[in-house]
1. Collect residues whose amide H, placed 1.01 Å from N in the peptide plane, falls under 5 Å from the amide H of Leu161; neighbours closer than 5 in sequence don't count.
2. If R₀ is 45 angstrom, what is the calculated FRET efficiency for the pair Glu72 and Asp176, using the beta carbon separation as r and rounding to 0.05?
3. Angle, helix 21-36 long axis vs. longest principal axis of the chain, Cα atoms, 0 to 90°, nearest 10?
4. Name the shape class, rounded, prolate or oblate, that the alpha-carbon gyration tensor gives for the range 97-186, where a ≥ b ≥ c are the square roots of its eigenvalues, rounded holds for a/c under 1.5, and otherwise prolate holds if a/b is larger than b/c and oblate otherwise.
5. For Val106, what charge total do you get from the other residues with a beta carbon under 9 Å from its beta carbon, if Lys and Arg give +1 and Asp and Glu give -1?
6. So what is the relative contact order for the range 7-163, in percent, with contacts set as C-alpha pairs under 8 Å and at least six apart?
7. Take a quick pass over the range 3-106 and tell me how many lysine pairs come in under 27 angstrom between Cα atoms, counting only ones 8 or more apart or on separate chains.
8. Only four residue types carry charge here, +1 at the Cβ of Lys and Arg and -1 at the Cβ of Asp and Glu. Report the dipole size of the chain about the Cα centre in Debye, rounded to the nearest 20.
Amino acid sequence: MDYYFSSIYMARIFIALTLEKDFNNQIIEIKKELKSNLLKDANISWQKNDQHHLTVCFVGEMEPEQINQMNENLKEINFASLSNSIDLTEISFFPNEKSQVLSALVKPSSHLKTLHEKVERIVVNIGFGSELKDYRPHITLGRFKEKDRPHYEFGIFEKTLKGKVKQLNVFESEFDKGKTEYTLLESFEF
């Protein structure tokens with residue numbers, strides 16, 4: 001798919017795994033539990049139930065030609081060789097305890113790390129720098145609106161929650177009127 005925009009248009013791009021319906025429903029149940037108990041009085045902007053995803057790579061501002069080139073290269077990944085199973089280990093803040101982002105942390109399996117490395121190589125080859133950080137997979141549940149939020153203890157799940165992802169997607173992210181909106185640009189099925 002080719003995107004035609006004016007030459008000054010830059011899109012804020014990230015690449016993420018989309019959850020299968022049953023797995024997404026588990027995430028929704030976790031949020032319901034948090035909203036009705038521990039976080040019932042917290043001022044949180046919750047992630048929309050149809051927008052849960054596991055970010056593989058945040059790219060940043062890209063021109064349409066770069067997006068097209070990246071998508072062509074992503075088509076070359078052999079998704080059949082990768083597992084589509086992921087494990088949630090705990091609820092925590094991302095990237096650290098002082099953060100405003102509430103997340104379900106994902107076990108960084110070898111298949112997930114391999115996918116991340118392949119995507120990172122594609123992004124680097126079209127001129128975007130590598131983050132040079134350890135990949136810390138997570139699914140955003142919500143964002144606290146106040147910087148001085150109270151301290152919360154969530155702990156590790158008694159039993160790892162298992163789920164599946166169905167596709168790798170390229171999204172454009174736009175921040176408008178205090179909310180982040182995602183537009184799907186391209187999908188690659190597992």
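Read the figures in this text as sums done on the coordinates, not as results from a lab. Just so you know, these numbers come straight off a predicted model, no measurement behind them. Because the Cβ atoms are built from the backbone with ideal geometry, glycine has one as well, and the counts that use them run over all protein chains shown.
1. Here Leu88 satisfy the definition.
2. Details: r = 29 Å, r/R0 = 0.65.
Rounded to the nearest 0.05, the efficiency is 0.95.
3. Roughly 40 degrees between the two axes.
4. On the way: a/c = 1.75, a/b = 1.23, b/c = 1.42.
Oblate, because a/c is 1.5 or more while a/b does not exceed b/c.
5. On the way: positive: Lys107, Arg136; negative: Asp87.
Result for the neighbourhood of Val106: +1.
6. Details: 215 pairs, mean separation 50.3, N = 157.
RCO, the range 7-163: 32 percent.
7. 17
8. Values: 25 positive and 29 negative charges, 131 e Å.
The calculation lands at about 620 debye.
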